[in-house]
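Structure, as structure tokens:
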Amino acid sequence: MTHRHAQRLSRRTTLGLLFAAAAGVMAAGMPAAAQAQAKGEVQVQVRIGYQKYGTLTLLKGRGTLEKRLAEQGVGVKWTEFPAGPVLLEGLNVGSIDFGTVGEAPPIFAQAAGANLVYVGNEPASPASEAIVVPKGSGLRTLADLKGKKIALNKGSNVHYLLLKALEKAGVAYADIQPVFLPPADARAAFERGSVDAWAIWDPFLAAAEKQLGARVLADGKGLVANYQFYLASRTYAEKNPEILRIVLDEVAKVDDWGRNNPDEVATILSAQTGLGKDVVALAASRYAYGVKPVSVDVIASQQRVADAFSGLKLIPKPIVVKDALLPARQLATSAK
């Protein structure tokens, strides 16, 4: 190596160190997304998993989150899932960062070792799920479910509804025949008459009522809370708390808007789900709006759900739900 070549390399090294130092000083006061942009990295993204219901579907339809996060140099990618358990599988394997599900899926996921965290929840919405029977069915009470085939999505919110409904009726879980199917396949089985009842949530519940004349044997009122939870990958939440705060702030805003604009809500949900406006209007009438930080009482409710599944050996081990919480300071201002 010549002396001149060595000098050039030395100057490059010195300049590189100076640029790195300057970038470090600037980055100290910059959000993570802006830091990534300044470094010329691939745009930071939040990958959101959603289902055919609720506030995230409204948020996607309105497009307000994309506008807000674009100001921070953050992109949004939406992925639809047919049910909560598969959504949380996506969260666990790293294909999404954030999503919403009902009560039971996080229990099954945590018991299976998923590294997820609760970051918020919607209020209780017990009427948004039900056990339905065909309109001509002779089943009239929950006790009539003994010995019958009941379609449901394993590990979903309605799995817990079924447990509590049977408990109320004095029917052992072992005395029914659960038929584990995702919503589309469960509806097909229900229509064919190959199952006797179907435990399902909105808007599939509303569609069964409106399109098939399905009769509600029991909904969640008096049985379950049916909270909707917002969850994130622990790694993503720890690295990107400012992005999650913005996401939850936009969820809170669309909650406020949705509560006061039912007709527009139905229009957006119809466009987003492909379901008739009458169907989604019925489903939306049973929503509970108002995202909140996860409280001690809500976690206690989740622990009861976990203990019920553990008691029946439906999850591989007992869990402590509060282990899936972030330290309060990390998302202290995330929800209103």
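Run down the lysines and flag those whose C-alpha is under 26 Å from the C-alpha of residue 60, throwing out any fewer than 8 positions away in its chain.
Within the straight-line cut-off, residue 60 pairs with 52, 77, 210, 239, 253, 277, 292, 336.
In the stretch 81-148, carbon and sulfur make up what percent of the accessible area (probe 1.4 Å)? Numbers along the way, then the final one.
Details: 1190 of 2130 Å².
It is 56 percent, rounded to a whole number.
Counting only protein heavy atoms and a 1.4 Å probe, tell me what percentage of the stretch 239-294's accessible area is made up of carbon and sulfur.
On the way: 1220 of 2330 Å².
Taking all protein chains in place, the stretch 239-294 shows 52 percent carbon and sulfur surface.
Whole-Hz ³J(HN,Hα) for each residue in the stretch 229-238, computed from phi via Karplus 6.51 cos²θ - 1.76 cosθ + 1.60 with θ = phi - 60°, x for glycine and proline: what do you get?
10, 9, 10, 9, 5, 4, 4, 5, 5, 6
How much accessible area per residue does the stretch 185-336 have, counting only protein heavy atoms and a probe of 1.4 Å, in square angstrom?
44
Show me the ranking of peptides 120-131, 312-323, 258-269 by mean Cβ neighbours inside 10 Å, starting with the highest. Present the calculation step by step, with values, prior to reporting the outcome.
Numbers: 120-131: 22.5, 312-323: 13.9, 258-269: 16.7.
Result, highest mean first: 120-131, 258-269, 312-323.
Name the lysines eligible as straight-distance cross-link partners of residue 146: C-alpha to C-alpha under 18 Å, and not fewer than 8 places from it in the same chain.
Cross-link targets: 164, 168.
The values are calculated or read from the model by the stated rules, or taken from the named source; none is laboratory data. All figures in this text were calculated on a predicted structure; none of them were measured in a lab. As a convention, Cβ positions derive from the backbone with ideal geometry for all residues, glycine included, and neighbour counts pool all protein chains shown. These area figures cover heavy atoms from the full protein model, side chains too; ligands, DNA and RNA do not enter into them. Shrake-Rupley method; radii C 1.70, N 1.55, O 1.52, S 1.80 Å.
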